[in-house]
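Everything on this sheet refers to the single structure shown next.
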Number of protein chains: 2
Amino acid sequence: MNVMNASPRRKELTRLAAQLFVQEGFDRTTVRMLAQEMGIKSGSLFHHFKDKQEILAAVIEEGTQNALSIAKAALKTCPDSAEARLHAMARAHLETLFADRNAHVVALFEWRRLDPAASAHLSHLRDAYEAMWVDVIDDALAAGLIHGDRFLVSRFILGALNWTVRWYDPNGSRTPDDLADELVAMIMSR
Amino acid sequence: MNVMNASPRRKELTRLAAQLFVQEGFDRTTVRMLAQEMGIKSGSLFHHFKDKQEILAAVIEEGTQNALSIAKAALKTCPDSAEARLHAMARAHLETLFADRNAHVVALFEWRRLDPAASAHLSHLRDAYEAMWVDVIDDALAAGLIHGDRFLVSRFILGALNWTVRWYDPNGSRTPDDLADELVAMIMSR
DNA sequence: TTAGTAACCAAGCAAGCGCTAGTGTAAATG
DNA sequence: CATTTACACTAGCGCTTGCTTGGTTACTAA
């Protein structure tokens with residue numbers, strides 16, 4: 001087995017696993033299905049991953065790391081106003097949501113399948129990401145851009161954004177940036 | 001077997017099944033777990049339901065029917081203004097979401113596990129419910145209460161509302177009505 | 001040449017799965 | 001009284017599951 005390394009092979013296998021987990025759900029995806037998709041036999045899978053759980057954790061970690069670095073980059077390169085930061089954060093969220101769609105869908109809807117150890121580790125990553133959101137929303141509230149309870153407002157916004165994976169069609173006429181702009185426009189007091 | 005009847009016994013079993021499906025997820029809930037929770041042996045389960053799939057369909061149908069009748073009642077008894085109807089619809093949505101929380105969580109997150117026949121049948125119910133929403137939102141747009149694309153606005157609102165099942169604590173200080181009011185306030189142009 | 005290592009495979013185990021067959025029993029129905 | 005219906009039981013079939021075992025191959029480096 002290949003403890004905790006990030007070999008290119010393992011990365012590719014993780015990407016394929018994410019796709020299958022989205023298509024079938026984690027529980028219905030068998031190690032034999034995973035192996036076939038990867039072009040190997042089911043036994044060989046356990047050379048790369050300790051067990052099925054570890055594949056799930058790898059998928060979610062990958063997605064969450066990407067979300068973090070995309071959000072950081074977006075905030076670094078955007079104007080320093082509350083409004084620009086709110087826009088940037090919403091755009092970054094949708095950008096990573098659809099660039100790494102499979103990984104994020106798994107993170108959003110299969111999180112409960114993580115064993116406690118993996119869940120604890122990944123919770124820290126997710127908390128770091130959500131802290132960035134709360135920060136931006138606090139600024140927007142202080143600047144009078146939006147009104148309401150900071151806790152409820154951030155939950156509503158993240159809910160509206162995360163739910164897009166259930167209906168958004170990347171091949172349609174709207175870009176993720178369009179969605180972000182429309183959402184921010186909807187909640188901003190004018 | 002007890003084809004398609006709604007005996008009180010079957011209703012109670014459906015309620016217990018919903019709870020287990022939420023706790024464990026549909027795939028990880030075995031017929032033996034279901035039977036134990038119901039105080040019978042696993043074989044006896046198939047006297048009440050044709051197969052495991054039918055239990056899932058029964059859970060989702062129950063929840064969706066309740067949502068429909070609660071929303072209809074809310075719109076019938078509320079003042080006939082666009083604003084009052086929007087409020088009523090949001091409140092009704094959260095009311096049924098937490099009154100029949102288990103059934104709705106299953107409907108939201110285990111829908112894919114339905115076989116095509118059951119899915120087709122239940123889709124009609126769900127579409128009827130969503131049509132009520134679109135109607136109310138069109139009125140709100142026409143009245144100038146909110147602005148934006150009718151499709152996007154309704155998706156964002158339903159996303160924000162549905163996502164509450166992931167974070168809302170019924171034992172906290174906020175009532176579902178508080179949430180509904182805060183969400184409507186957030187999206188209304190003032 | 002030799003040694004080490006990453007990648008893979010064929011075979012299969014133990015456990016658990018949904019579901020069926022056949023039976024028993026008590027109450028309701030003719 | 002005879003029959004049907006509703007509900008529960010026991011026993012287990014046939015199959016799939018995640019994972020293990022014991023070994024082979026290809027490549028790299030000393």
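Each reported figure results from applying straightforward, stated rules to the coordinates on display, with no laboratory input. Keep in mind that what you see is a predicted model, and the values were worked out from it rather than measured. Backbone-built Cβ (ideal geometry, glycine too); neighbour counts: all protein chains shown.
What separates the B:S42 label point from its copies, with the point 7 Å along Cα to Cβ, is 1.9 nm, written shortest first.
Summary value for chain B: 24 percent relative contact order, contacts being C-alpha pairs under 8 angstrom separated by 6+ residues. What's the center-to-center distance, using Cα atoms, between segment B:79-134 and segment B:142-167 in Å? So the two Cα centres are separated by 14 Å. Position B:G144: other-copy label points at 2.2 nm, ordered by increasing distance, label point 7 Å along Cα→C-beta.
Calculated over the protein assembly as shown, the projected area of the Cα convex hull averaged across directions stands at 21.2 nm². When we measure straight from the Cα of B:K50, which aspartates and glutamates land under 20 angstrom away, once same-chain ones fewer than 8 places off are left out? Straight-line reach from B:K50, under 20 Å: B:E12, B:D27, B:E37, B:E61, B:E62, B:E110, B:D115. In this simple spin-label approximation, A:C78 and A:R28 carry label points 7 Å from Cα along the Cα→Cβ vector, and these lie 3.7 nm apart. Report the normalised scattering of segment B:34-106 as log10 I(q)/I(0) at q = 0.20, 0.22 Å⁻¹, calculated by the Debye formula with identical scatterers on the alpha carbons. Log10 I(q)/I(0), no solvent term: -0.83, -0.92.
Just checking the listed ones, B:S154, B:S173, B:S42: in the Gaussian network model of chain B with Cα springs under 10 Å, the one fluctuating most is B:S173. With 0.36 nm allotted per residue and the present C-alpha distance subtracted, the B:Q53-B:R166 stretch has 38.2 nm of extension available. Inter-chain neighbour count for A:158-168: the average number of beta-carbon atoms from partner chains within 10 Å of each residue's beta-carbon is 6.
Taking the longest Cα principal axis of chain A as reference, the axis of helix A:150-162 is set at about 50 degrees. GNM remark for chain A: springs join alpha carbons under 10 Å apart, and the peak mean-square fluctuation among A:E83, A:E61, A:E12 falls on A:E12. When the P(r) is computed for segment A:23-148, the part past 16 Å accounts for 67% of the Cα-Cα pairs.
Please state the relative contact order of segment A:31-121 as a whole percent: Cα pairs under 8 Å, 6+ residues apart? Kindly include the intermediate steps, with their values, before the conclusion.
Details: 55 pairs, mean separation 27.1, N = 91.
Computed value for segment A:31-121: 30 percent relative contact order.
With R₀ set to 30 Å, the beta-carbon distance separating B:S123 from A:N66 gives a calculated FRET efficiency near 0.35.
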